[in-house]
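Single-structure report; data block below.
None of the figures in this text is laboratory data; all of them are computed from the coordinates on show. For clarity, every value in this text was computed on a predicted model and none was experimentally measured. All Cβ positions, glycine included, derive from the backbone under ideal geometry; neighbour counts span all protein chains shown.
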Ligand SMILES: Cc1ncc(COP(=O)(O)O)c(C=O)c1O
């Protein structure tokens, strides 16, 4: 939209302009040092999660390449946040969107997608329970999604195998962290679902400064990147930790994996709320728990700045069942 006499200079032309450029906040009350944890507020994206970034990039690149025609239908298999991000993008650009999601994923995400005009097909779980989604559950969701694509010929986003997923973080998340920290970042920590976030951001930061240390967070007992056998496929870190090394993950950008238990993720999720006034989800708690472990381990200089992500809002999760946090 063209500015009129400088009056509407700050008017965004659509929700797409609300994606990315999230603020970075110092968690100085939760962790008082030595060193500092800096967290990107990804819950402030219009779809309330980090996955808006990859949603926009994957759809734009598919339109640019001609793989996706203007107004054509789109299908994706999702744990919910990718679906909400795609729902934002497809609503603005006018693409009918169908999402398949496990019944084990947060129901609030399905409500959000449908509120944005998308159709959400929920698939019964194979082995997990509500709030705990396993690789077998994801495979079942994928099967349903692929069937819909076969029947309709819709464009398949395919976040687990779409390079534009990681590129979105190489083009936005990495440069924002570099700029917002005044190029003073010692370490980067992220959970891994598709690995788009980790691979794109870590690649950018390592290219800027190979001395930056990069860490992935894996749920305790489900640590394929570390190379361990899966002993606990059920965990609370919805959207991450699927028990396999995703195709987008690149070991060349990794320094070390860190393991976080459900209890630690919940403890830090609560601390982010009570000390910092930010209500975030489980993987955000896991990221911050890992950042504290790294700072306390002595692996980094004493005054190190560790950057991580508050991946999504806590508003889309139901309370944790007692038996999982005892
Ligand atoms: C809450 C949450 N955290 C972390 C991730 C992991 O992000 P990525 O798929 O980029 O690895 C996801 C992905 O869906 C997510 O929903």
Boolean, residue 24 is in contact with a strand residue (DSSP E or B) (Cβ under 9 Å, 6 or more places away or on another chain), away from the ligand (no atom under 16 Å from the Cβ) and under 26 Å from residue 315 (Cβ atoms)
yes
Filtered residues of the range 151-173 (kept if in contact with a helix residue (DSSP H, G or I) (Cβ under 8 Å, 6 or more places away or on another chain) and within 13 Å of the ligand (Cβ to nearest atom))
157, 159, 162, 164, 165, 166, 167, 168, 169, 170, 172, 173
Take the range 61-71 and flag every residue that is part of a helix (DSSP H, G or I) and free of Cβ contacts under 8 Å to residues at least 60 places away in the same chain.
63, 64, 65
Just give me the residues in the range 286-313 being more than 10 Å from the ligand (Cβ to nearest atom) and in a helix (DSSP H, G or I), in sequence order.
288, 289, 290, 291, 292, 293, 294, 295, 296, 297
Residue set 126, 92, 74, 133; condition more than 15 Å from the ligand (Cβ to nearest atom), in contact (Cβ under 8 Å) with a residue 12 or more places away in the chain and touching a strand residue (DSSP E or B) at 6+ places or on another chain (Cβ under 6 Å); output residue 74
Restricting the range 95-153 to residues that are within 16 Å of residue 236 (Cα to Cα) and part of a strand (DSSP E or B), the one farthest from the chain's Cα centre (by Cα) turns out to be 129
Select, from 200, 273, the only residue that is surrounded by 17 or more Cβ atoms within 10 Å (Cβ to Cβ) and within 29 Å of residue 21 (Cβ to Cβ).
200
